[in-house]
Each structure stands twice: as C-alpha cells, then as structure tokens.
Amino acid sequence: MRGNLDEGGFEIVPGALEEAEREELLAELGPIAVAGKRGVLASPIIRVLCRSERMLALVAPHLQGSPVAVRTIFFDKSPDSNWLVPWHQDLTIAVHARIDVPGFGPWSTKEGVTHVQPPLRLLEQILTIRLHLDAADEANGALRVLPGSHRLGRLNAETIRSIRAEQSEVLCTAAAGDALVMRPLLLHASSRSRSAMHRRVLHIEYAGFDLPGGLRWHTEAS
C-alpha cells in the first residue's frame with residue numbers, strides 16, 4: 001500500500017481486483033470510441049461490484065455514513081482516444097434534477113445528466129475509487145497528484161499554479177487490478193499516453209450522506 005489517505009489524500013491498494021474480475025469488467029464495459037463513458041452503474045455487474053464488501057471496506061472507514069456509489073465513469077486512454085488533463089479538483093456531483101438550494105452551483109449538464117458543485121463541506125465527505133483495469137505508468141498517462149492539496153479547500157486557477165510551482169508531484173503507478181482511493185479535492189492531472197497500450201480505469205465515487213433541500217443523487221440504474 002502506498003500513500004496515506006488522511007494526510008496525502010490518496011492511497012494505492014494493490015490487488016483490489018482478481019484477474020477473473022478484471023477480465024469480466026473489461027468484457028462488460030467493452031471498447032469505447034470516446035475518452036469516457038458515464039452511467040455504467042446501470043450494469044448489474046458494476047452494481048454488484050460497487051456494493052461488494054471489498055469495495056465498501058476501502059471507503060467505509062473514511063466516510064461518516066454508510067457508503068453508496070453515487071457516480072461511475074469508465075475511462076479508456078488509448079492511441080485512438082488520447083488526451084491530457086490539466087491540474088484540477090473534481091468539484092461536481094451528479095443529481096437527479098435541478099433544485100435551487102443555497103450553496104449549490106454552478107449547474108451543468110453532462111451527457112444528459114444534471115451536475116452541480118455542492119458546498120465544500122459535502123465535497124470533503126466524498127471518496128473516489130479508481131480501479132485499474134490495465135497497468136498504469138508514466139508512458140500511458142498514469143494519474144499524477146499533489147499530496148495534501150485536498151486539505152486546502154476549493155482552489156482557483158492562480159492558487160493551483162502557485163501550489164504546483166512549490167510542490168513536487170507523485171506519479172500514481174499501478175498494476176492491473178490495483179485501486180487508487182482518493183479525495184476528489186486532491187489536485188490531480190494526467191499526461192497524454194505515449195504507449196500503444198490501453199489505460200482503462202473504472203472511476204467510482206462514494207458518499208455516506210443524503211443531499212439536502214430535496215436534491216437526490218442521480219440514480220444511474222433507473
């Protein structure tokens with residue numbers, strides 16, 4: 001295990017998936033022609049995985065309530081679909097419908113799903129598991145993080161540049177089947193792949209709380 005979730009904002013857990021599970025997930029998710037595919041929680045196989053004792057055990061000790069998967073995205077970085085991601089925080093959540101609640105905004109729509117930036121106190125209570133379906137290294141665009149940046153609140157572009165200039169990054173190399181558990185507020189980025197190999201990741205966000213004011217999490221399985 002590498003990293004420290006509380007102090008650094010991330011932790012790499014080796015062998016979170018068995019080989020047979022990884023192959024089953026790859027068969028279920030299939031090839032995609034775009035960078036990311038949302039809504040994969042609609043798959044029964046993905047739902048079972050997200051609710052498994054093994055996945056919940058990774059996040060439950062770090063959440064205030066019982067963890068529930070609230071958003072999933074399948075990423076496939078490959079020679080045919082290659083991109084870079086600048087330094088950023090994950091600031092939005094997926095909800096069922098727009099209801100104007102104080103502290104929530106701005107609003108956006110991604111692939112037909114309503115998204116919104118919630119208050120900081122709620123972002124601090126979310127955890128992400130990134131399940132590596134392929135090995136990830138510098139050549140194929142593994143995630144890079146700035147440890148501890150999740151404790152600095154919501155950051156603007158100028159502050160991000162300043163932190164980036166002063167702090168050393170960590171490259172989150174991983175074997176196929178490893179999990180990266182991270183706080184969404186952790187500053188992270190990734191480079192374009194220079195490899196002929198895929199870098200497929202199943203991204204799962206967990207929360208242990210209900211949304212206020214009548215807002216509901218987007219139920220991808222409905």
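Taken together, the values in this text are just the output of simple stated rules run on the coordinates, not laboratory data. On a predicted model such as this, the values are computed, not experimentally measured, just so you know. Backbone-built Cβ (ideal geometry, glycine too); neighbour counts: all protein chains shown.
How large is the helix-only mean residue ellipticity at 222 nm for the chain, computed as the sum of -39500 (n - 2.57) over DSSP H runs with n ≥ 4, divided by its residue count, in deg cm²/dmol to the nearest 500?
Values: 6 runs with 43 residues, N = 222.
That comes out to -5000 deg cm²/dmol.
Considering only C-alpha atoms, what is the centroid distance from region 110-149 to region 62-81, in Å?
Between the Cα centres of region 110-149 and region 62-81 lies a distance of 7 Å.
Can you tell me the FRET efficiency between Ala27 and Thr173 if r is taken as the Cβ-Cβ distance and R0 is 22 Å, rounded to the nearest 0.05? Don't skip to the answer; put the middle values down first.
Numbers: r = 25 Å, r/R0 = 1.15.
The formula returns an efficiency of 0.30 here.
Could you go through region 109-122 in sequence order and give the Karplus-derived ³J(HN,Hα) for each residue, using 6.51 cos²θ - 1.76 cosθ + 1.60 with θ = phi - 60°, rounded to whole Hz, and x for Gly and Pro?
With coefficients 6.51, -1.76 and 1.60, one gets 10, 10, 6, x, 9, 6, 10, 8, 8, x, x, 4, 4, 7 Hz.
Once a ≥ b ≥ c are taken as the square roots of the eigenvalues of the Cα gyration tensor of region 1-115, is the result rounded (a/c under 1.5), prolate (a/b larger than b/c) or oblate (a/b not larger than b/c)? All intermediate terms of the calculation are to be shown ahead of the outcome.
Values: a/c = 1.41, a/b = 1.12, b/c = 1.26.
It comes out rounded by the Cα gyration axes.
If you stretched the chain out fully between Glu166 and Ser66, how much longer would it get, using 0.36 nm times the residue separation minus the C-alpha to C-alpha distance? Could you put the intermediate results ahead of the total?
Values: separation 100, 0.36 × 100 = 36.00 nm, distance 3.71 nm.
Result for the pair: 32.3 nm of gain on full extension.
What does the charge dipole of region 73-214 about its Cα centre add up to, to the nearest 20 debye, if the Cβ of each Lys and Arg holds +1 and the Cβ of each Asp and Glu holds -1?
Details: 15 positive and 15 negative charges, 41 e Å.
Dipole magnitude for region 73-214 comes out near 200 debye.
Cβ under 15 Å from Val170's Cβ, Val170 left aside: what net charge do those residues give with Lys, Arg +1 and Asp, Glu -1? Spell out each step's value before the answer.
On the way: positive: Arg2, Arg130, Arg144, Arg164, Arg183; negative: Glu7, Glu11, Asp137, Glu138, Glu166, Glu169, Asp178.
With Lys, Arg at +1 and Asp, Glu at -1, the neighbours total -2.
Residues in region 177-218, backbone N under 17 Å from the label point at Val101 (7 Å along the Cα-to-beta-carbon vector): list them, ranges by number please.
Residues 206-218 qualify, since their backbone N sits under 17 Å from the label point.
Restricting to Cα pairs below 8 Å that are 6+ residues apart, what does the relative contact order work out to for region 1-115? Please round to a whole percent. Please list the in-between numbers first.
Working: 83 pairs, mean separation 23.2, N = 115.
Computed value for region 1-115: 20 percent relative contact order.
Step through the residues of region 151-163 one at a time and calculate ³J(HN,Hα) from phi using the Karplus curve (6.51 cos²θ - 1.76 cosθ + 1.60, θ = phi - 60°), rounding each to whole Hz and writing x for Gly and Pro.
My calculation for region 151-163 gives 8, 9, x, 7, 10, 8, 4, 5, 5, 4, 4, 5, 5 Hz in order.
Could you calculate, for the chain, the ratio of the Cα radius of gyration to the Kirkwood radius, expressed as Rg to Rh? Working shown, then result.
Values: Rg = 16.6 Å, Rh = 17.8 Å.
Across the chain, the Cα-based Rg/Rh ratio is 0.94.
Is region 106-217 rounded, prolate or oblate when judged by the Cα gyration tensor, a ≥ b ≥ c being the square roots of its eigenvalues, rounded requiring a/c under 1.5 and prolate requiring a/b larger than b/c?
On the way: a/c = 1.96, a/b = 1.35, b/c = 1.45.
Verdict is oblate for region 106-217.
What ranking of Leu84, Leu5, Leu180 emerges when the number of other C-beta atoms within 10 Å of each C-beta is taken as an exposure proxy, fewest first?
On the way: Leu84 11, Leu5 20, Leu180 25.
Fewest-to-most Cβ neighbours within 10 Å comes out as Leu84, Leu5, Leu180.
For the pair Ala139 and Lys37, what calculated FRET efficiency results from E = 1/(1 + (r/R0)^6), where r is the Cβ-Cβ distance and R0 = 30 Å, to the nearest 0.05?
Working: r = 23 Å, r/R0 = 0.77.
Here the calculated transfer efficiency is 0.80.
Can you compute the equivalent ellipsoid semi-axes for region 166-216, i.e. the square root of 5 times each eigenvalue of the Cα gyration tensor, sorted largest first and rounded to whole Å? Please report the intermediate quantities before stating the final value.
Values: eigenvalues 169, 54, 25 Å².
For region 166-216, the ellipsoid semi-axes come out as 29, 16, 11 Å.
Relative contact order for region 66-222: what percent, with Cα pairs under 8 Å and sequence separation of 6 or more? Don't skip to the end; give the middle numbers.
Values: 345 pairs, mean separation 68.8, N = 157.
Relative contact order comes out at 44 percent.
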